[in-house]
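Taking it in order: structure first as structure tokens, then the write-up.
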Amino acid sequence: MIISSNPSANNLEFEELLNRTTTKLELVSSANPQFYLGRTWDDFETDVHEAMNRAALGGSFDGSIELLSGRDFPDIVANKLYGVEVKSIKTHGWKTLGGSVNESTRAQDLARIYLMFGKLSKPVQFRWRKYDECLSAVKVTHSPRYEIDWKQKR
């Protein structure tokens, strides 16, 4: 499940990149409050990828951020060490379904996977957190999937 350790990974440096990414997303939202309200989930994945690339300029993650998207897990990989699963919701809550519990499309050898979550309704908000800290249950749709609950406490 989603957790691994890699001695060459620097979680704090990557988490700072996620902070800068969130700030970049918030700047776009402040300048154009309607922009994210019309975005689809795949538009938002692209937005996060672009914001991460801008936030990474000049740092150790510069040029290493790859958008996998589609059926791959997670959606974004940086330095082949960190993954970011991008989720968005158009309602006022902070719950959604995540990926399959069998993780058959998971990128290998990642140090840690994070969740970047966009609440694309008024007021638009963005948050990131370690993916495993947000998992609250397993729900069955067409296959067993993780339920993501931002308010889940670990």
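Quickly work out the residue 92-to-residue 54 label distance, labels modelled 7 Å from Cα along the C-beta direction, and quote it in nm with one decimal.
Distance between label points: 3.0 nm.
Computed from the mean reciprocal separation of all distinct C-alpha pairs, what Kirkwood hydrodynamic radius does the range 16-57 have, in Å?
Kirkwood hydrodynamic radius for the range 16-57: 10.4 Å.
With labels modelled as points extended 7 Å from the Cα through the Cβ direction, what inter-label distance (nm, one decimal) is found for residue 121 paired with residue 34?
Result for the modelled spin labels: 2.0 nm.
Going 7 Å from the Cα of residue 46 toward and past its Cβ, which residues in the range 61-80 have a backbone nitrogen under 19 Å from where you end up?
Backbone N within reach: 65-72, 75-77.
What's the FRET efficiency of residue 66 with residue 12 using the Cβ-Cβ distance as r and R₀ = 30 Å, to the nearest 0.05?
0.90
Every number in this text was worked out from the coordinates using simple rules, so none of it is lab data. Keep in mind it's a predicted model, so treat the numbers as computed, not measured. Positions of Cβ are backbone-derived with ideal geometry, glycine not excepted, and every protein chain shown enters the neighbour counts.
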